[in-house]
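For reference, the structure is listed below as structure tokens.
The values are calculated or read from the model by the stated rules, or taken from the named source; none is laboratory data. Predicted model only: the values in this text are computed from it and were never measured. For neighbour counting, all protein chains shown are included, and Cβ atoms are generated from backbone atoms with ideal geometry for every residue, glycine included. Accessible surface areas use protein heavy atoms only, side chains included; no ligands, DNA or RNA. Shrake-Rupley method; radii C 1.70, N 1.55, O 1.52, S 1.80 Å.
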Amino acid sequence: MAESSFPLACEYDARAPLTPAQLESLNQMHARCADILAIRDHRQQNSDDCYLLKWLRARDYNVDAAEHMLRNHFAWRAEFGTDKILDEGLPIDVLSRFYPNTYHGRCKDGSLLYVERTGWIDVKSLERFSSTEQIVRWHVWMQENQKAKFAEASKREGRPIEKVTSICDMTGMTMGKMNKALYAILKSLSSIDQDNYPEQLNKLFVVNAPGIINVVWNVVKPWLNPVTKSKIDIIGGSGRDKLLAFIDADQLPDFLGGACKCEGGCLPWYGEKDGSGSFLGKYLEADVPAKKFQDFPIRIEEPNSKVNWEFISRGSNIHFGVTFNPDGGAAVNVEPLKSVNSSQDIIKGEFVAPAVGTVTVRFDNSDSWFKSKSVQYKLDLTSPEPSAEALAAAVEAVSVEDDHHHDA
């Protein structure tokens with residue numbers, strides 16, 4: 001048995017509950033993966049046994065499959081740049097404003113408690129103001145940051161803590177937020193988690209789930225392994241009794257039936273809580289360096305979608321412009337780039353895109369040699385809500401694509 005790196009007096013013997021066959025699998029993993037153990041991330045300070053067992057459990061103690069999974073994980077880390085991602089800081093901070101989530105205390109078993117108000121996710125803004133690649137990178141940053149939280153919890157509990165209990169509150173979820181792009185993002189994130197962050201989910205509660213979630217669940221289930229599916233509990237109501245069986249009342253936010261009322265709210269949110277799917281709350285902020293500009297591309301998937309902008313700059317004016325690039329057509333100057341009196345007045349405008357394409361909003365500070373400029377802004381996109389028939393077609397398209405993928 002390799003010497004444990006867990007430094008606490010309460011030493012955790014991961015081998016105690018193993019069967020002879022499982023113990024033999026663990027010994028084989030030690031022999032095969034000594035090179036990996038020498039370079040792995042020790043921030044969680046768990047033993048090598050605990051570390052290897054995560055990969056073995058994820059592959060039902062099949063040593064060949066577990067080793068293959070682990071080595072693929074390290075290849076992915078090198079290609080993705082995962083080891084350096086925390087040093088870069090939280091990527092695309094705007095996503096945190098469109099995706100209300102937080103770690104909130106702990107569960108009765110010591111696992112971390114993570115809460116998100118899934119029904120308040122601003123799907124339109126996620127689609128329009130960020131790319132799938134940016135969302136994936138943000139998600140990986142969150143997963144890597146979670147390791148540091150596991151280390152803090154382990155020190156607090158006096159034993160290794162490597163799991164998180166998640167609550168997704170679906171209050172406010174509407175049919176308009178469900179589309180093919182969202183399914184594709186969820187599928188990509190699910191694949192990353194299963195392939196690279198195994199055995200971290202303790203339990204997932206999906207509460208206040210509307211009927212449409214059953215449609216989503218039927219699409220998502222095939223992407224998940226049986227162990228993961230067994231940890232997911234979809235509840236039509238608040239699920240208060242089930243939650244309190246896992247979580248003390250003082251750790252559970254009041255909007256989920258608990259007694260916790262954090263100052264400023266257990267989960268502060270910048271947007272309107274009207275379920276409209278548009279970000280209508282506080283301004284976002286962008287710092288535009290001297291001699292630079294910052295673009296905000298907004299993808300238009302439906303003709304006659306309307307883009308609204310509203311902004312103000314601090315201290316001095318800034319150059320501003322809007323262009324529209326229809327797919328397969330020539331670019332159109334909607335608002336020619338020019339200096340605007342944004343330090344004195346709130347600049348507002350709108351544009352109705354006549355075709356599918358990309359609207360790009362630009363804040364330009366190229367004429368400044370030394371001084372950066374701060375812009376507070378709001379951007380919004382209004383498009384027709386999809387019909388029930390369109391939603392069903394999107395779900396069917398994803399299901400067909402997934403079937404073709406498996407057949408291949």
Q: Please state which of the following conditions GLY119 fails to meet, knowing it meets all the rest: (1) at pLDDT below 85; (2) open to solvent by 30 Å² or more (accessible area, probe 1.4 Å).
A: (2)
Q: Being touching a residue at least 60 places away in the same chain (Cβ under 8 Å), over 22 Å from the mean Cα position of the chain (by Cα) and either surrounded by 13 or more Cβ atoms within 10 Å (Cβ to Cβ) or farther than 13 Å from THR171 by Cβ (or both) narrows it down to one of PHE255, PHE246, so name that one.
A: PHE246
Q: Could you check how many residues of the range 173-186 are assigned to a loop (DSSP other than H, G, I, E, B) and either at pLDDT 80 or above or over 28 Å from LEU252 (Cβ atoms) (or both)?
A: 1
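Every residue in the range 225-240 that is among the small types (Gly, Ala, Ser) and surrounded by 15 or more Cβ atoms within 10 Å (Cβ to Cβ), please.
Result: SER238, GLY239.
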Q: Answer with yes or no whether ILE318 is within 30 Å of THR171 (Cα to Cα), in contact with a Lys or Arg (Cβ under 8 Å, 6 or more places away or on another chain), surrounded by 14 or more Cβ atoms within 10 Å (Cβ to Cβ) and modelled with pLDDT of 90 or more.
A: no
(Q) Restricting to the range 187-214, name every residue that is modelled with pLDDT under 80 and open to solvent by 40 Å² or more (accessible area, probe 1.4 Å). (A) ASN214
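Do we have any residue at all in the range 215-238 that's of a type in the set (Gly, Ala, Ser), in a helix (DSSP H, G or I) and at pLDDT 90 or above? Let's see the steps before the verdict.
Restricting attention to the range 215-238, the residues satisfying the condition of being of a type in the set (Gly, Ala, Ser) are 230, 236-238.
Filter once more, so that each one left must be in a helix (DSSP H, G or I): 230.
When the remaining residues are screened for being at pLDDT 90 or above, the result is none.
Within the range 215-238 (the criterion being of a type in the set (Gly, Ala, Ser), in a helix (DSSP H, G or I) and at pLDDT 90 or above), the answer is no, since none of the residues qualifies.
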Q: Hey, could you check the range 359-408 for residues that are open to solvent by 70 Å² or more (accessible area, probe 1.4 Å) and closer than 28 Å to PHE296 by Cα and say which is modelled with the highest pLDDT?
A: ARG362
Q | Candidate set from the range 59-76 (those that are over 25 Å from the mean Cα position of the chain (by Cα) and part of a helix (DSSP H, G or I)); member that is nearest to ALA34 (Cα to Cα) | A | GLU67
Q. Would it be correct to say that VAL356 is touching a Pro at 6+ places or on another chain (Cβ under 9 Å) and open to solvent by 30 Å² or more (accessible area, probe 1.4 Å)?
A. yes
Q: Inspect the range 175-186 for any residue being basic (Lys, Arg) and open to solvent by less than 40 Å² (accessible area, probe 1.4 Å) and give the result as yes or no.
A: yes
Q | Residues of the range 313-344 classified as among the basic types (Lys, Arg) and either without any contact (Cβ under 8 Å) to a residue 12 or more places away in the chain or in a strand (DSSP E or B) (or both), total | A | 1
Q. Counting just the residues of the range 31-49 that are buried (at least 20 other Cβ atoms within 10 Å of the Cβ) and touching a residue at least 60 places away in the same chain (Cβ under 8 Å), which one comes out farthest from the chain's Cα centre (by Cα)?
A. SER47
